[in-house]
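Down below is the structure, laid out as C-alpha cells.
The values are calculated or read from the model by the stated rules, or taken from the named source; none is laboratory data. Because the structure is predicted, anything quoted here is derived from the model rather than measured. Glycine gets a Cβ as well: all are built from the backbone with ideal geometry, and neighbour counts include every protein chain shown.
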There are 2 protein chains.
Amino acid sequence: MTSLNALGYPKLACKTPVPSDIEVSQQIVKEVGLLPIAEVGKQVGLTDDEVIQWGIAKAKVPLSARESRKDQPNGNYVVVTGINPTPLGEGKSTTTIGLAQGLGAILGKKTIACIRQPSQGPTFGIKGGAAGGGYAQVVPMEEFNLHLTGDIHAVTAANNLLAAALETRMFHEASQSDEALFRRLCPDGKDVSPVMKRRLKKLGIDPDKNPSDFTAEEKSAFARLDIDPSAVTWQRVLDTCDRHLRCLTVGQGSKETVKSKEKEGERLQHDRQTGFDITVASEVMAVLALSKDLADMREKLGAMVVGYSRAGTPVTADDLGCGGALTVLMKDAIMPTLMQTVERTPVMVHAGPFANIATGNSSIVADEIALKLVGKDGYCVTEAGFGADIGMEKFFNIKCRYSGLKPKAAVIVATVRALKMHGGGPPVSAGKPLQKEYTEENVELLAKGCCNLQKHIENAKKFGVNVVVAVNKFKTDTDKEIETVKEASMAAGAFDAVLSNHWAEGGAGAENLAKAVVAACKACDDEAFKFLYDVNKSIKEKVEIISKEIYGADGVDFSELANKQVMQYEKSGFGNLPICIAKTQYSFSCDPSAKGVPTGHRITVREIRSCAGAGFLYPICGDIMTIPGLPTRPGFYDVDVDLETGDVLGLF
Amino acid sequence: MTSLNALGYPKLACKTPVPSDIEVSQQIVKEVGLLPIAEVGKQVGLTDDEVIQWGIAKAKVPLSARESRKDQPNGNYVVVTGINPTPLGEGKSTTTIGLAQGLGAILGKKTIACIRQPSQGPTFGIKGGAAGGGYAQVVPMEEFNLHLTGDIHAVTAANNLLAAALETRMFHEASQSDEALFRRLCPDGKDVSPVMKRRLKKLGIDPDKNPSDFTAEEKSAFARLDIDPSAVTWQRVLDTCDRHLRCLTVGQGSKETVKSKEKEGERLQHDRQTGFDITVASEVMAVLALSKDLADMREKLGAMVVGYSRAGTPVTADDLGCGGALTVLMKDAIMPTLMQTVERTPVMVHAGPFANIATGNSSIVADEIALKLVGKDGYCVTEAGFGADIGMEKFFNIKCRYSGLKPKAAVIVATVRALKMHGGGPPVSAGKPLQKEYTEENVELLAKGCCNLQKHIENAKKFGVNVVVAVNKFKTDTDKEIETVKEASMAAGAFDAVLSNHWAEGGAGAENLAKAVVAACKACDDEAFKFLYDVNKSIKEKVEIISKEIYGADGVDFSELANKQVMQYEKSGFGNLPICIAKTQYSFSCDPSAKGVPTGHRITVREIRSCAGAGFLYPICGDIMTIPGLPTRPGFYDVDVDLETGDVLGLF
C-alpha cells in the first residue's frame, strides 16, 4: 500500500542515486500507482463529463470547463522561465513540475502545472526528457513522450493538407483556363460553400450572387489565385528528425507535368524546390497555442498566409478552401490533455510551438482552464520555453496580450553550472564529461557569471511581476556557491531566491520554492503587470524596443529584404502584430558564444516572416534550424519493448 | 426517449429519402443517443479493464482480452467481399455493417463487425464514406473518419523514423571511416544495445563480445551497412493526397553535403531521388494487419527490408537499430478500436492496408479477439477490400494462413448496377449522372453481366466455404432484376442469394441476409476450408496458380526484372512467402476495362516487390498508384465546423 501524507498525496520513496527518468516513471506507476485520471480531475473540481479519457492515464478537458466557470475568479498565474542555458538545459520543465508538486502535494494549494507537448521527433534522436525529470515528472513518461493524445499528429495532418491544396491548386491553375477552373470549382447544381463565400466577400463580390451570373472578371478573380511560385511561404512538416527533407524538389513524377504555353505539344515538369519543417514549427501549432476557442481557431487557421500572388496579395488557407477542413482536423486538438505528476497532482499538456520562430509557450486555453479550476487561492504554474530573454518576453508580450491574463510572478530557474559558464567557464556540450570548473567549487567564476541572471531579473521586473529565483540543485553545488547566487539575485531586485531539490526529492524538495512563490503572488499588485511595447508602434520600433530593453543591444540593423518585408506587411495590414524574435537561446545577443551580459552588440534582422493567422511577425536573427538531424547513434538504438511485460525500455 | 426492440436495441426511425451519411450519423447521436463505449463492450463480455476509452465514443481493446479467453471456442467467421465494382463502389462496408446489425440487433446473435480504418487523406479529396453508409454505418462517423485512435498517425511516425534513420545512415557512411562509424555507434562506456546484438548475431559475431575486442573486419562488418542508393526500397509516407510527393529529390540543403573522395576540398551534395506513398501503403501498416501479438510485431518490424547493400544483402530495420523504437511507436496501435453501429452493436476498426500492394484486410488480432468474444454461437463479420478476386483471395491465402482461423462463409456483395456494367453497359464514373441503362429495367444486360458474379462464387467455393450472395438494393432495381441475380447465383453454386436493404432500413433491412448467413455457417463443414496453394511451391508457380484459378488467365509473363527479383528473393530466403498480387480491382484481368469474365488473357508481372517483414511478396501487374491526387474542387471545400455547436459539417 502506498502511504499518503496528511493531504492525501503519496509519500515518495525517492531512491539515491536517482534512477533514469523512465525507471522513476515505471517505479511510480508500479509501486505508488497512478490515480485514475478522472480522480485527478476531481482534485480541481472537474466533473466526469469534463474529463474525456483518451488512452492510458490521459484525458482531454473540453473548453466548456472554462465556459461554465467564467464568473469565477482566476487563480494566481505564475510563469517559469530561465537564464540563458547550457546545451544540457537547466531544468525549467523539471522545476515547473517540481514547483507544482510542492504547491499541491506539500502545501495543499490547488495547483495545475501547464506545460508544452514535446516533439516526438527528437525523442528518438538526441536524448533528453521533456516530461520533467527524476522525482519531478509527469507520468507515465512514455505516454507523455509518445503520441500523447494525437495533437501533434493533427497539426501534421492539417499543415500538410494545406500544403497539398496549395501545390495542387498551382498545378491546376497552370493547366486550366479561368473558365475551366471556375466550372470545376462551382459545378452546376453544387452550392457555393461557406469557405467560398469568405473569398467572395474578400473580393467584394456578393456572396449570395448565383455563380452563373458572375462576370468573366468575377470568375477569374475568384478562381485564379495566381500564386507566385517564388513567393510561397508554406512548407510541409513531419514530426521526424529527417534532415534530408530540409531542402528538396517536389513534383518530379511523370504525371506532374503541364502543357507548355510556348511550345505546342511539349510538356513541362511541374516541379518546385521547397522544404519540410518539424511539425512543432508549423504555424498551425502556433495557432493552437494562441487560439481562445474553436471559433477563434477557425478564423486564425483560415487567415494563415501560404504565399503571395504575382500581384503581391497574400493568399490564405481560406482562399484555398481549406480553413474549415483544417479546423475539423484540429477540433480535438484544441482540448488540453490532463495527466498527473509522480505525486498525483494535475498537469495540463497543450501545444508545443517552437521557441524561436514561434512563442515557445503552451496554450492559452490550458492556462485559462487551469486558472478557473484552481480558483482564487490556487496556482497555475506555466512554463515559457528557452531563456527568459525569449520565452518570458514572448509570454508577456504575445501570449498574455492575446489572453488578457495577468501573471503575478516569474520564477527564473538558474543553475550554478550555467552561471559558471556565463562567468567564463569552458564550453559545455552534450555527450561530453563536464570539466572540473563545473564539478568543484569555484565561487569566483560563478560570481562573474551571475550578471546573466541579474539581467533576466531586471528584465522580468520591467513587466511588473515579482521575481523568484529557483536555484535548481545539482549534487556538486556547495553552500557557498548557493549563497553567492542568492545574494546576487537579491541585489538585482528578486523578491526571493531559493534552493530547490525537486529532481531528487519531488515536491518536498521544492517546498521552500513553493512558499516563496506564494509570498511573491500575495505581494504582487494585481494591476502592476504591463507590456513592454504598444503593438500599434511600427514594426521596426517594436523590434528595437525588445532588442534594447531585453537583449541590451545598441540597436538593430535590417537587411534590404527585411526592409522590403516591413513595407509589404504594413501594406497587407500585418503592421500591428506583436513581434516574435527568432534568435539563439544561448545568449542575450545573436551570437550563441557571447556569454554573461554582452554589451555594445547590434541585432541583425536578416528577414521577417509572418504568422498572420497565429498573429505575430518573426524577425530572423541568426541561423534558425527548423528540422533537426540524427546523430550516428541516435536515441532509438536503446529503445525497445520488454516482450513479456510490454514495458517500454531505454526511453531516456 | 429512444424506443428499444425486444432485444434491447434501438428501433431506428429511418428517414426517406435517406439523408447524407453525416446527417444520419448526427441524427443517431442526437436522437437515439450513443451507448457509452464501455456498455458496447459489455454486450460481448468485455470487462471495464478491457475497454480503454480513447476519445469520444471510441475505446481500445487490449490483446489480453484474447489471451484470457484462449480456451473458449471461436465464433463463426464470415468474410464479406464483392464482385468487381464500378468506380462508385458497391457497398461492401455498408453490407458488412448492415449484416452485423441484422445478426446482432435483429436476430440477437452476439456479433462483431471488423473493418479497416480508412485513410484520412482521401476523406478530404474525392468524397466517399468509409464507415458504411445510410442506416448501416459506424457512429459517430466523423470520429471514425478523422484520426480515430491515432493508429495511422503511428504508422506514419514509424515509417518515417525508419526513413530518416536510413537516409541519415547513408549520409554518415558517406562521410565517415569504418573506425569513426564504429566509435560513434559503440562509444566507450555505452552498452551494446539489444537491437545491436541482433545484428551481431546475424553477422555471426558473438553478441556478448566486448566491442573493444572486435577485429577491424568485425568493426567494419558491423558498422558499415553499405547500402546501395539505387537499391533502396523504403519510401516515406504521409496520410495526405499530395501528388507532388510521388517523385522528388531530397537532400538539397546546404548542409547535406559530403566530402568528395575524388577531389580534395570539394563537397558533393548528398541528394537522392525517392518518393512518398500514402501512409496506408506503408509496410508498417501491412505488419499491423498481419501481426499476432506485440512480440510477433517486434520481429516483423525489425525484419522489414529497406534496401540492399552493394553486395546484394537485404538491409533491415533492425540493421539500422530501429526495430525496437518502431515497436514502441506502434505499441498502442496494435490494440483494435471499439466503436458502435447506428444500432449500438459493436464494431472493431483495425488496420487499413492498401488492397493492391498489400492485403486490403483488417487486422488478424481484431478478428481473433472478436471470435473469442462472440463465442461459439456468435459471428465475426470481417471485410475484405476490393473485389473478391483480390480481397477474398488474399483473405484466405494470406490472412487466414497467418492466423490459422477457418472461415465458414463468404458473403459476396453484388449490385444490379455493377452487373449491368459487366454485361456491357456504358462506363460508370464518379461525379457523372448514371445513364438510363442503370436507372431503368434492363434484364438482358444484367443477365449478360451475371457471369462476373458467378466466377467469384466459383472461386470462393474453391476454398471450401459456403457462399451467400447479398444483392445490395438500390431503389431503381426491379423485382425481375433481383430475381435474375438470385437465379444466376444459385446456378453457380451459391448457398443462398438474398436481397438486402440495410442502407435504407438498417439491420431490419438485412434480416434475411443475416438468416442466410446463419444457415450457411451451420451447413459448413468445419474442416472444409483449404488454401489454394502450398507456400512452399516456387514464387512463379504460386503466381501462376492464382492467375489461372482466380483470374482465369491463360498464363503469366514475367519481365526480365521480375525474373531477376525471383532469383534474388529465393536467395534471400523469401521464396516461401505467400503472394499478394497488385492489380486493378475493376476486372479479373489486369485491364480495368475488361468487364464480365475475360478469357484468353495473360498476366504480366512487371516487377515483384517484397514485404519481408509483413510476410508476402507483391508482384506488380498493371499501374499501381500509391498516392492519390486532389481534384480542382476537393471535398475539403465543403467541410467546416458549426461554430455554435462544434458539429462537423459537410463530411460526406
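Please verify whether B:Ala388 is at positive phi, assigned to a loop (DSSP other than H, G, I, E, B) and either more than 14 Å from chain A (Cβ to nearest Cβ) or of a type in the set (Phe, Trp, Tyr) (or both), treating the condition exactly as stated. So B:Ala388 does not fit the description; no.
A search for C-beta distances below 8 Å between a residue of region B:528-553 that is without any contact (Cβ under 8 Å) to a residue 12 or more places away in the chain and any residue that is in a helix (DSSP H, G or I), counting only pairs 6+ apart in sequence or on different chains, returns B:Lys537/B:Ile545.
Pairs are defined by a Cβ separation below 9 Å, a sequence spacing of at least 6 or placement on different chains, a first member in region B:33-58 that is modelled with pLDDT under 95, and a second member that is surrounded by fewer than 21 Cβ atoms within 10 Å (Cβ to Cβ) and of a type in the set (Gly, Ala, Ser); no pair meets this definition. Search region A:210-230 for residues being among the hydrophobic types (A, V, I, L, M, F, W, C) and crowded, with 16+ Cβ neighbours inside 10 Å, and hand back the single one that is nearest to the other protein chains (Cβ to nearest Cβ). My answer is A:Ala223.
From the list A:Pro122, A:Pro118, the lone residue that is surrounded by fewer than 24 Cβ atoms within 10 Å (Cβ to Cβ), away from chain B (no Cβ under 12 Å), under 23 Å from the mean Cα position of the chain (by Cα) and in contact (Cβ under 8 Å) with a residue 60 or more places away in the chain is A:Pro118. Scanning region B:414-452 for residues that are of a type in the set (S, T, N, Q) and within 27 Å of the chain's Cα centre (by Cα) returns B:Thr415, B:Ser429, B:Asn452. Inclusion of A:Leu617 among residues that are touching a helix residue (DSSP H, G or I) at 6+ places or on another chain (Cβ under 7 Å), of a type outside the set (Asp, Glu), more than 14 Å from chain B (Cβ to nearest Cβ) and surrounded by 21 or more Cβ atoms within 10 Å (Cβ to Cβ) is warranted. For region B:125-147, the set of residues classified as more than 11 Å from chain A (Cβ to nearest Cβ) and either part of a strand (DSSP E or B) or not hydrophobic (A, V, I, L, M, F, W, C) (or both) consists of B:Lys127, B:Gly128, B:Gly129, B:Gly132, B:Gly133, B:Gly134, B:Tyr135, B:Ala136, B:Gln137, B:Val138, B:Val139, B:Pro140, listed by residue number. Here is the figure for region A:52-67: residues that are among the small types (Gly, Ala, Ser) and either at the interface with chain B (Cβ under 9 Å from one of its Cβ atoms) or part of a strand (DSSP E or B) (or both) total 2. B:Asp293 meets the stated requirement of being in the same structural domain as B:Asp239 (by TED's automatic domain parsing), within 19 Å of the chain's Cα centre (by Cα), surrounded by fewer than 20 Cβ atoms within 10 Å (Cβ to Cβ) and under 21 Å from B:Ala157 (Cα atoms). Within region B:471-500, residues that are without any contact (Cβ under 8 Å) to a residue 24 or more places away in the chain sit with their Cβ atoms under 9 Å from residues that are crowded, with 23+ Cβ neighbours inside 10 Å and in a helix (DSSP H, G or I), at 6+ positions apart or across chains, in these pairs: B:Glu487/B:Cys450. Residues that are among the hydrophobic types (A, V, I, L, M, F, W, C) and not in a helix (DSSP H, G or I) were ranked within region B:162-209; the one that is surrounded by the most Cβ atoms within 10 Å (Cβ to Cβ) is B:Cys186. Just one of (1) in a loop (DSSP other than H, G, I, E, B); (2) within 11 Å of chain B (Cβ to nearest Cβ); (3) surrounded by 24 or more Cβ atoms within 10 Å (Cβ to Cβ); (4) not β-branched (Val, Ile, Thr) fails for A:Pro628. It is (3).
It is to be established whether one or more residues within region A:211-220 are in a loop (DSSP other than H, G, I, E, B), at pLDDT 95 or above, over 21 Å from A:Val287 (Cβ atoms) and of a type in the set (Val, Ile, Thr). Scanning region A:211-220 turns up at least one residue that is in a loop (DSSP other than H, G, I, E, B), at pLDDT 95 or above, over 21 Å from A:Val287 (Cβ atoms) and of a type in the set (Val, Ile, Thr). Filter region B:634-652 down to the residues that are surrounded by fewer than 21 Cβ atoms within 10 Å (Cβ to Cβ) and in a loop (DSSP other than H, G, I, E, B) and list them by number. Listed by number, the residues that qualify are B:Asp642, B:Leu643, B:Glu644, B:Thr645, B:Gly646, B:Asp647. Looking at region B:461-576, the helices (runs of 4 or more DSSP H) lying wholly inside it that each contain 2 or more residues that are at pLDDT below 95 and not assigned by TED's automatic domain parsing to the domain that holds B:Thr95 sit at B:560-572. Using the structure shown, decide if A:Gln235 is touching a Cys at 6+ places or on another chain (Cβ under 8 Å), within 30 Å of B:Leu326 (Cβ to Cβ), within 14 Å of another protein chain (Cβ to nearest Cβ) and not charged (D, E, K, R). No, not satisfied. Pairs are defined by a Cβ separation below 9 Å, a sequence spacing of at least 6 or placement on different chains, a first member in region B:132-148 that is more than 20 Å from B:Ala510 (Cβ to Cβ), and a second member that is modelled with pLDDT of 95 or more and in a strand (DSSP E or B); the pairs so defined are B:Pro140/B:Met339; B:Glu143/B:Met339; B:Leu148/B:Trp54; B:Leu148/B:Thr337; B:Leu148/B:Met339; B:Leu148/B:Val349. Can you say whether B:Val79 is closer than 19 Å to B:Ala131 by Cα, touching a Pro at 6+ places or on another chain (Cβ under 6 Å) and at pLDDT below 95, as far as the supplied structure shows? Here the answer is no, as B:Val79 does not meet what is asked. Only one of the numbered conditions (1) more than 14 Å from every other protein chain (Cβ to nearest Cβ); (2) within 30 Å of A:Lys190 (Cβ to Cβ); (3) hydroxyl-bearing (Ser, Thr, Tyr) is not met by B:Thr604, and that is (2).
Within region B:11-26, if we keep just the residues that are more than 25 Å from B:Val639 (Cα to Cα) and out of contact with any Gly (no Cβ under 8 Å at 6 or more places or on another chain), the residue that is surrounded by the fewest Cβ atoms within 10 Å (Cβ to Cβ) turns out to be B:Ala13.
Within region A:96-115, the set of residues being over 17 Å from the mean Cα position of the chain (by Cα) and within 16 Å of A:Ile412 (Cβ to Cβ) comprises A:Gly98, A:Leu99. The set of residues in region A:417-444 being in a helix (DSSP H, G or I) and either of a type in the set (Ser, Thr, Tyr) or under 19 Å from A:Pro592 (Cα atoms) (or both) consists of A:Arg417, A:Ala418, A:Leu419, A:Lys420, A:Met421, A:His422, A:Tyr438, A:Thr439.
The set of residues in region B:553-564 being touching an Asp or Glu at 6+ places or on another chain (Cβ under 9 Å) and either of a type in the set (Val, Ile, Thr) or closer than 21 Å to B:Tyr533 by Cα (or both) consists of B:Ala553, B:Gly555, B:Val556, B:Ala562. Quick check on B:Gly555: is it buried (at least 16 other Cβ atoms within 10 Å of the Cβ) and small (Gly, Ala, Ser)? Against the criterion (buried (at least 16 other Cβ atoms within 10 Å of the Cβ) and small (Gly, Ala, Ser)), B:Gly555 does not qualify.
Of all residues in region B:526-550, those satisfying the criterion of being closer than 22 Å to B:Lys455 by Cα and either surrounded by 15 or more Cβ atoms within 10 Å (Cβ to Cβ) or of a type in the set (S, T, N, Q) (or both) are B:Phe529, B:Phe531, B:Leu532, B:Tyr533, B:Lys542, B:Val543, B:Glu544, B:Ile545, B:Ile546, B:Ser547, B:Glu549, B:Ile550.
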